[in-house]
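The values are calculated or read from the model by the stated rules, or taken from the named source; none is laboratory data. Just so it is clear, the structure is predicted and the values come from calculations on it, not from any experiment. Ideal geometry is used to build each Cβ from the backbone, glycine not excepted, and the neighbour counts take in all protein chains shown. SASA here: full protein model, heavy atoms, side chains in, ligands and nucleic acids out. Shrake-Rupley method; radii C 1.70, N 1.55, O 1.52, S 1.80 Å.
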Amino acid sequence: QVQLVESGGGLVQAGGSLRLSCAASGSIFSINTMAWYRQVPGKERELVAAITSGGSTYYADSVKGRFAISRDNAKNTLYLQMNSLKPEDTTMYYCAALDFGSDSWGQGTQVTVVS
């Protein structure tokens, strides 16, 4: 397992952009899947985007065409580029390293989009 620390959240106007970063304490090269989740209080956690060790990506329908996930294995860092942000994107975003049951989670970073 690795320790994960997210950064890059903040307050932005609708239509703006943010880039979230997730720094890992160790190598992410061999971690099967790195992902970003978000969770609105009182609702289930939602998978926003994921990227495998082979580079395959997944996006929730709600963010397709607006968000882009990437991983820099050399820097042990996961990114989420968020464009055309909407007020409904407002919530906490969490980074996860998913590796066949040996999962790690970050503490989250708040994204607030105002209209």
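Quick notes on this one:
- Residue count for segment 58-74, restricted to those that are within 17 Å of S7 (Cα to Cα) and free of Cβ contacts under 8 Å to residues at least 40 places away in the same chain: 5.
- Count - residues of segment 105-115 that are open to solvent by less than 50 Å² (accessible area, probe 1.4 Å) and among the polar types (S, T, N, Q): 2
- Cβ-Cβ under 8 Å pairs, at least 6 apart or on other chains, segment 6-17 side within 7 Å of L85 (Cβ to Cβ), far side open to solvent by less than 30 Å² (accessible area, probe 1.4 Å) and among the β-branched types (V, I, T): V12/V111; V12/V113; A14/V113; G16/V113
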